[in-house]
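In what follows, a structure is listed as structure tokens, so that the remarks can point back to it.
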């Protein structure tokens, strides 16, 4: 919880989503290194298909701001599966095609087809402790870890407090969304407000 409530992160999130927001989820994403030569290698090694985070949370209204934070626990490089970001894709929802990429670890092996993406992309290479904040509609992916080094990152998803959770339509879906209030009127939701001191 320390990372999710770090003042530096919360101040930045507040500028994006406003003074009242919730923490929607936290997740560790691990990509382990290649095994020794001759070992039976998994085909995909935690490939994450191209997607927009917001596609998987069922949030309304569509206009409610939602931000993703990705903190590097290990070095994130192109070789070990750093995120590949597609600029300008935050402006509109893109189609996520089910069973498009059988290596994708996303719900129903989804991915955004390449023809729906801009030609330009950027790799988000970070050192431990660095973090990136991006709009939850920014399309991104991460490839397999083909290096000898582990890559772990922590994601934290923040949304404005007025969001509503709609029903999700995925095979074997298990409800996981339990928003936790973080900031109320720009202060910790646990702090007393006004005259109640």
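Observations
- Strands (runs of 3 or more DSSP E) (entirely within the range 45-123) containing at least 3 residues that are closer than 26 Å to residue 9 by Cα, out of contact with any strand residue (DSSP E or B) (no Cβ under 9 Å at 6 or more places or on another chain) and in contact (Cβ under 8 Å) with a residue 40 or more places away in the chain: none
- Pairing residues of the range 1-30 that are within 15 Å of residue 136 (Cα to Cα) with residues that are in a helix (DSSP H, G or I), at Cβ distances under 8 Å and at least 6 apart in sequence or on separate chains, gives 21/13; 21/14.
- Search result, residues across the range 124-142 that are in contact with a strand residue (DSSP E or B) (Cβ under 7 Å, 6 or more places away or on another chain) and either outside any strand (DSSP E or B) or surrounded by fewer than 15 Cβ atoms within 10 Å (Cβ to Cβ) (or both): 125, 127, 128, 129, 130, 136, 138, 139
- All positions within the range 144-169 that are in a loop (DSSP other than H, G, I, E, B) and modelled with pLDDT of 85 or more: 144, 145, 146, 147, 148, 149, 150, 161, 162, 163
- Residue that is modelled with the highest pLDDT, among those in the range 170-187 that are under 14 Å from residue 57 (Cα atoms) and surrounded by 10 or more Cβ atoms within 10 Å (Cβ to Cβ): 179
- Boolean, residue 33 is touching a strand residue (DSSP E or B) at 6+ places or on another chain (Cβ under 9 Å), assigned to a loop (DSSP other than H, G, I, E, B), closer than 19 Å to residue 189 by Cβ and modelled with pLDDT under 95: no
The values are calculated or read from the model by the stated rules, or taken from the named source; none is laboratory data. No experiment lies behind these values; they were computed from the predicted model shown. All Cβ positions, glycine included, derive from the backbone under ideal geometry; neighbour counts span all protein chains shown.
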